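Trainee: Shown below is the structure under consideration.
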Amino acid sequence: MRINKYLAHAGVASRRKAEELIKAGDVTVNGDVMTDLAYQVKSGDTVEVKQTQIYKEEPVYYVLNKPRGVISSVSDEKDRKTVMDFFRHIPERIYPVGRLDWDTSGLILMTNDGEFANLMTHPRHEIEKVYIAKVEGQANKENLRPLTQGVKIDGRKTKPAIYQIIKQDISTKKSVVQLTIHEGRNHQVKKMFEAVGLPVQKLSRVQYGTLDLTGLQPGEFRRLSKKEVSQLVNAAKGI
Ligand code: URA
């Protein structure tokens, strides 16, 4: 396995950051500084980063029901609660797959498998994601139709989405809409509803490919089975 990928898999850094470590001379293989970015790590090689030996971890995969008010990154400069706080007792160096906004709840995957994370988040693979949005205004066929054709956000059209109206409250002028998308652009769902004049008040992701949140209360997580992981991989590869 290529050295930068090896380091990423071991949870040391992203592949790009691992390359920087290699270029900086911080990585040794069998005691020698390794500057060849294309070096293939062989079994039996001793890899060290800043004089600390790296052990490749077994890949692990979790699904977390992220509560609102939690950041979906590894650390936060303002010291707010992050998804990592739920996994303090887990020895592997896992991180979130993609992002959910601070005020969005729901399904997020966590892993230490960089390749898997790349596969899930790469725009080419288009894993299906289902969201439930509580929006301001009365959702109906007319104002939601553009979502099925694509709306322009940040200067680029979204791919066709599927919606289902779950609830319409005529007196409060609020609606609940389920939206299925195949992309993962920044604040995508909020921006899509904004584009059709229905600002999101509350958002939750309830499905990710073949997975949903059955049995998981906010703040709870569980490990994925091998079968669930391969179902996700197959879904991403379109198999
Ligand atoms: N779309 C959003 O707007 N926010 C999220 O957290 C996820 C998708």
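The values are calculated or read from the model by the stated rules, or taken from the named source; none is laboratory data. These numbers come from a predicted model, not from an experiment. Note that each Cβ is placed from the backbone with ideal geometry, even for glycine, and that neighbours are counted across all protein chains shown. We work out accessible area using only protein heavy atoms, side chains counted, and drop any ligands, DNA or RNA first. Shrake-Rupley method; radii C 1.70, N 1.55, O 1.52, S 1.80 Å.
Trainee: Kindly report the accessible area of the chain per residue (heavy atoms of protein chains, probe 1.4 Å, no ligands, DNA or RNA), in Å².
Mentor: Counting only protein heavy atoms, the per-residue value for the chain is 54 Å².
Trainee: When the scattering of segment 1-95 is computed by the Debye formula from its Cα atoms alone, each counted once and equally, what is log10 I(q)/I(0) at q = 0.15, 0.17 Å⁻¹?
Mentor: Each listed q corresponds, in turn, to -0.67, -0.79.
Trainee: Using amide H atoms built in the peptide plane, which far-off residues or other-chain residues are under 5 Å from LYS202 H to H?
Mentor: Amide H to amide H, under 5 Å and 5 or more residues apart or across chains, LYS202 pairs with LYS134.
Trainee: Continuing with this model, one more query. Ranked from the most accessible area to the least, with a 1.4 Å probe and all protein chains present, what is the order of LYS202, LYS66, LYS141, LYS191?
Mentor: I get LYS141, LYS202, LYS191, LYS66, largest accessible area first.
Trainee: Still on this structure, I have one more. Which residues in segment 204-236 place their backbone N less than 20 Å from a point set 7 Å from the Cα of TRP102 along the Cα-to-Cβ direction?
Mentor: 204-205, 219
Trainee: Quick one: which of 91-97, 226-232 comes out on top by average Cβ neighbours within 10 Å, and what's the full order, highest first?
Mentor: Ranked from most to least packed, the peptides come out as 91-97, 226-232.
Trainee: Then there is this: Applying the Karplus parametrisation 6.51 cos²θ - 1.76 cosθ + 1.60 with θ = phi - 60° to the phi angles of segment 170-181, what ³J(HN,Hα) value in whole Hz is obtained for each residue in order, glycine and proline being reported as x?
Mentor: Once θ is set to phi - 60°, the couplings for segment 170-181 become 5, 5, 8, 6, 10, 9, 10, 10, 9, 10, 10, 10 Hz.
Trainee: Then there's this: Below 12 Å, Cα to Cα, which aspartates and glutamates can LYS66 reach? Residues fewer than 8 away in the same chain don't count.
Mentor: ASP85, ASP101, ASP103, GLU220
Trainee: Pop out the ³J(HN,Hα) list for segment 94-99 in order, Karplus 6.51 cos²θ - 1.76 cosθ + 1.60 with θ = phi - 60°, rounded to Hz; leave Gly and Pro as x.
Mentor: Result, rounded to whole Hz: 8, 8, x, 8, x, 9.
Trainee: Shifting gears a bit: Could you list which residues have their amide H under 5 Å from that of THR104, counting only those 5 or more apart in sequence or on another chain, with H placed in the peptide plane?
Mentor: Long-range HN contacts for THR104: GLY69.
Trainee: How do THR82, THR46, THR35 stack up against each other in accessible area, from largest to smallest, with a 1.4 angstrom probe?
Mentor: These residues rank, largest area first, as THR35, THR46, THR82.
Trainee: Give the lysines reachable from LYS50 as a straight Cα distance under 30 Å; neighbours fewer than 8 places away on the same chain don't count.
Mentor: Leaving aside lysines fewer than 8 places away in the same chain, those within reach of LYS50 are LYS5, LYS17, LYS23, LYS42, LYS78, LYS81.
Trainee: What percentage of the solvent-accessible surface of segment 129-208, computed with a 1.4 Å probe over protein heavy atoms, is contributed by carbon and sulfur atoms?
Mentor: Carbon-and-sulfur percentage of accessible area, whole number: 48.
Trainee: Please identify which residues in segment 186-206 have an amide N closer than 16 Å to a label point set 7 Å out from the Cα of THR121, following the Cα→Cβ vector.
Mentor: Backbone N within reach: 186-188.
Trainee: Here's something else I'd like to know. Before rounding to the nearest 500, sum -39500 (n - 2.57) across all DSSP H runs of length at least 4 in the chain and divide by the residue total; then give [θ] at 222 nm in deg cm²/dmol.
Mentor: Numbers: 6 runs with 53 residues, N = 239.
Here the helix-only value at 222 nm equals -6000 deg cm²/dmol.
Trainee: Here's a follow-up. What number does segment 129-208 give for Rg over Rh if you use C-alpha atoms and the Kirkwood radius?
Mentor: Answer for segment 129-208: 0.93.
Trainee: Then there's this: What base-10 log of the normalised intensity I(q)/I(0) is obtained for segment 192-239 from the Debye formula, alpha carbons as equal point scatterers, at q = 0.21, 0.26, 0.27 Å⁻¹?
Mentor: At q = 0.21, 0.26, 0.27 Å⁻¹ the computed log10 ratios are -0.83, -0.97, -1.01.
Trainee: Figure the gain on full extension for ASN143 and ARG222 (residue separation times 0.36 nm, minus the Cα-Cα span) and round it to one decimal in nm.
Mentor: Contour length minus Cα-Cα distance gives 24.6 nm.
Trainee: If you roll a 1.4 angstrom probe over the protein chains with everything in place, what fraction of the accessible area of segment 3-53 belongs to carbon and sulfur, to the nearest %? Can you show the working numbers first?
Mentor: Values: 1260 of 2800 Å².
Of all accessible area on segment 3-53, carbon and sulfur atoms account for 45 percent.
Trainee: Working only with C-alpha atoms, what are the Rg and Dmax values of segment 3-53, expressed in angstrom?
Mentor: In order Rg, Dmax, the Cα atoms of segment 3-53 give 9.4, 24 Å.
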